[in-house]
1. Using a basic spin-label model with each label point 7 Å from the Cα along Cα→Cβ, how many nm lie between residue 64 and residue 43?
2. What does the helix-only formula give at 222 nm for the chain: each DSSP H stretch with n ≥ 4 adding -39500 (n - 2.57), the total divided by the residues, and the result rounded to the nearest 500 deg cm²/dmol?
3. Can you list the lysines whose alpha carbon is less than 20 Å from that of residue 31, not counting same-chain residues fewer than 8 positions off?
4. Would you mind working out the magnitude of the charge dipole of the chain relative to its Cα centre, with +1 at each Lys and Arg C-beta and -1 at each Asp and Glu C-beta, to the nearest 20 Debye?
5. Which ³J(HN,Hα) values in Hz, rounded to whole numbers, follow from the phi angles of region 21-34 under the Karplus curve 6.51 cos²θ - 1.76 cosθ + 1.60, where θ = phi - 60° and Gly and Pro get x?
6. Helix 63-86 versus the longest principal axis of the chain: what angle, 0 to 90°, nearest 10, using Cα atoms?
7. For region 69-115, what D do you get in µm² per second when you plug the Kirkwood radius from alpha-carbon pairs into Stokes-Einstein at 25 °C and 0.890 mPa s?
8. Zone of residue 56 (label point 7 Å along Cα→Cβ, backbone N under 20 Å): which residues in region 82-100?
Amino acid sequence: MSDDRWALGACVDRLLAFRKARDWEQFHRPKELAAALAIEAGELQEQFLWKPEETAQEVREDAARLGQIRDEVADVAIYALLLAHDLNIDLAGAIAKKIASNERRYPANSNRGVARKAGNRAEDSDPQP
Ligand SMILES: [Mg+2]
């Protein structure tokens with residue numbers, strides 16, 4: 001993936017300029033941004049609702065459908081970027097921290113091919129009553 005596709009700082013600058021030009025900061029309280037993010041995530045999920053099981057390759061081959069999905073992914077990312085900006089969350093740092101946490105939580109040698117959340121496996125159960 002090229003660096004241009006991950007130029008999040010430039011995306012944030014453009015989003016902030018877009019928002020400021022419309023005087024929409026006043027509406028972007030954290031609660032509203034979090035709700036908008038969840039709503040957009042719902043719209044993304046709707047793209048797959050009642051559709052037959054399909055692989056990523058099959059989705060990629062349908063250009064029109066992929067465009068709709070791309071738009072919803074962008075909406076989710078936009079609200080995540082705005083919320084992170086407004087709360088002074090270093091998003092790249094937060095993602096790196098989360099990846100490191102997941103690497104510890106899901107060691108590759110004991111999680112290869114396993115699709116269960118930590119805590120839902122017998123070996124993760126708390127021995128305390
Ligand atoms: Mg949307």
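Values quoted throughout were computed directly from the atomic coordinates according to the rules given, and no laboratory measurement underlies them. Since the structure is predicted, the reported quantities are computational estimates derived from the model, not experimental observations. FYI the Cβ positions are ideal-geometry reconstructions off the backbone, even for glycines, and counts take in every protein chain you see.
1. Placing both labels 7 Å along Cα→Cβ, they lie 1.9 nm apart.
2. Value at 222 nm, helices only: -19500 deg cm²/dmol.
3. Here the lysines satisfying the reach criterion relative to residue 31 are 20.
4. On the way: 19 positive and 23 negative charges, 85 e Å.
With only Lys, Arg, Asp and Glu charged at Cβ, the dipole is about 400 debye.
5. 4, 9, 6, 9, 4, 4, 9, 9, 5, x, 4, 5, 5, 5
6. Around 80 degrees separate the two axes.
7. Roughly 193 µm²/s, to the nearest whole number.
8. Residues 95-96, 98-100 fall inside that zone.
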